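Okay, so here's the structure we're looking at.
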Amino acid sequence: MSLQISETVQPGVPTGRVHWLVAMNRRNRSMAFVLLWPAMAAQMRGLDAVGPLAWTLLTLHLLLLPQLMYWRACRSAQPRETEVGHMFLDALCFGLWSGWLGHPLWITAATSVCITANLMAFRGPRGALQALGLYLAGGALMTLGLGIMPVLETDRIAALLSLLTLEVYLLGFAYGAYQRSMLLHRTRAELQQRERDLQQRLDQIAELQERLTEQARRDPLTGLHNRRFLTERVHELTRSGSGACTSIGVMLVDIDHFKQVNDRHGHLAGDRVLQAVARLLALAHEEGAEVVCRYGGEEFLLLLPDRGAARMRALAERLRGGVEALRIEPGGGTAEPITVTLSIGWASGQGEPIERLIDRADRALYRAKQAGRNRVESGLG
């Protein structure tokens with residue numbers, strides 16, 4: 001007979017090797033059996049022919065057997081199943097004692113309730129019925145096999161001690177249920193906290209991955225998107241069909257004589273020029289540009305909706321004129337500002353692949369270079 005489940009382990013017992021059920025039943029079985037010993041002893045005093053053998057068996061059963069059961073369960077390959085088997089053995093043994101004592105009412109009630117309640121907790125109704133069956137079988141064996149007649153009467157001290165045992169058991173059962181409930185509550189709270197922590201880390205990883213992906217799509221010098229982003233966007237438009245079904249415009253922009261800027265003012269000044277031009281070109285987003293990217297060394301590409309040749313050319317001229325008006329500080333203590341110009345080639349079309357538009361814009365840019373630079377040329381088909 002043992003009390004309700006609890007995670008508490010006996011002091012000095014290695015928790016890594018002893019199943020929690022085994023450790024708990026050792027404590028609870030020992031406590032219950034110690035309480036039952038004086039109750040059953042008080043009942044035995046009123047019986048005839050109670051010799052040393054009966055007292056020895058009672059003492060061995062109630063005081064030594066719990067330790068032997070614990071020892072056996074600890075060394076079992078399946079400690080939980082072994083311990084459940086011990087509970088059924090408890091049912092049979094107490095049935096035998098109840099029958100031998102003549103089924104005294106309070107001792108029988110206390111032990112049978114404890115046995116069936118304990119198996120109910122671990123095995124459900126089936127376990128409780130099995131335990132009750134073993135208990136009744138043990139009592140019937142004594143009554144029918146040895147001819148011991150039921151007396152039902154319980155010694156007054158035995159009755160009081162049986163009631164005390166039952167009360168302590170039920171309180172211990174309730175306390176065990178409370179411990180399990182609190183353990184479950186703590187475990188659930190810990191799992192929820194771990195889930196929140198994990199979700200937070202996953203969000204941080206996703207955010208970091210998103211930032212890294214965005215950084216991989218950005219030119220570190222100008223902050224514009226790079227050619228990789230353009231390629232991904234073109235593939236997306238091609239897969240969705242937008243690139244061949246909508247009217248799209250492409251502008252290729254090149255800084256004139258950029259090598260001379262680097263040669264004359266240095267690469268730091270050249271970087272400042274690239275950044276200044278990039279900031280101005282980024283204003284094309286206000287005109288609906290979907291992509292403004294650094295296409296090459298001093299070359300940029302704009303991908304935007306086609307709003308007609310006149311508006312495309314007007315935008316290109318505004319960008320060219322805006323860059324021409326820039327006065328870029330070269331840095332390094334040089335007082336003379338840098339001025340640069342742009343050559344721009346553009347193309348647009350309805351239902352035409354973007355790759356072909358880029359090729360037409362590139363040929364238009366070449367014509368602008370050949371025509372003297374600082375100008376806009378169209379690649380209309």
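Within segment 360-375, the residues that satisfy the criterion of being out of contact with any Phe, Trp or Tyr (no Cβ under 7 Å at 6 or more places or on another chain) and touching a residue at least 12 places away in the same chain (Cβ under 8 Å) are 360, 362, 363, 365, 366, 367, 368, 369, 373, 374, 375.
What about residue 186, is it within 30 Å of residue 291 (Cα to Cα) and of a type in the set (Lys, Arg)?
Numbers: within 30 Å of residue 291 (Cα to Cα): no; of a type in the set (Lys, Arg): yes.
Answer is no for this residue.
Only residues that are over 19 Å from residue 249 (Cβ atoms), of a type in the set (A, V, I, L, M, F, W, C) and at pLDDT below 90 were counted in segment 309-337, giving 1.
Scanning segment 330-359 for residues that are polar (S, T, N, Q) and either free of Cβ contacts under 8 Å to residues at least 12 places away in the same chain or outside the structural domain of residue 307 (by TED's automatic domain parsing) (or both) yields no hits at all.
Against the definition (among the small types (Gly, Ala, Ser), within 36 Å of the chain's Cα centre (by Cα) and closer than 29 Å to residue 24 by Cβ), how does residue 159 come out, yes or no? When the stated conditions are applied, residue 159 does not pass them. Within segment 24-66, the residues that satisfy the criterion of being touching a Leu at 6+ places or on another chain (Cβ under 8 Å), more than 18 Å from residue 86 (Cα to Cα) and part of a helix (DSSP H, G or I) are 35, 37, 38, 39, 40, 41, 42, 43, 44.
The sole residue among 317, 377 that is acidic (Asp, Glu) and surrounded by fewer than 19 Cβ atoms within 10 Å (Cβ to Cβ) is 317. Restricting segment 237-252 to residues that are more than 15 Å from residue 294 (Cα to Cα) and modelled with pLDDT of 85 or more, the residue that is surrounded by the fewest Cβ atoms within 10 Å (Cβ to Cβ) is 248.
Within segment 160-187, residues that are more than 30 Å from residue 104 (Cβ to Cβ) have Cβ atoms under 6 Å from residues that are of a type outside the set (Lys, Arg) in these pairs: 179/6; 180/5; 183/7, counting only partners at least 6 apart in sequence or on another chain. Any residue that is over 29 Å from the mean Cα position of the chain (by Cα), over 30 Å from residue 297 (Cα atoms) and among the aliphatic types (A, V, I, L, M) - is there at least one of those in segment 173-183? Yes: one or more hits. Of the residues 165, 143, which is at pLDDT below 85, among the hydroxyl-bearing types (Ser, Thr, Tyr) and closer than 22 Å to residue 34 by Cβ? Criteria check complete, one pass: 165. The residues of segment 342-363 that are surrounded by 16 or more Cβ atoms within 10 Å (Cβ to Cβ) and part of a loop (DSSP other than H, G, I, E, B) amount to a single one, 352.
To keep it simple, each residue is scored yes or no on (1) at pLDDT below 85; (2) surrounded by fewer than 15 Cβ atoms within 10 Å (Cβ to Cβ).
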position: 6; (1), (2): yes, no
position: 15; (1), (2): yes, yes
position: 28; (1), (2): yes, no
position: 75; (1), (2): no, yes
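The values are calculated or read from the model by the stated rules, or taken from the named source; none is laboratory data. Here the structure is a predicted model, which means the values were calculated and not measured. Neighbour counts are summed over all protein chains in view; Cβ atoms, including those assigned to glycine, are modelled from backbone coordinates with ideal geometry.
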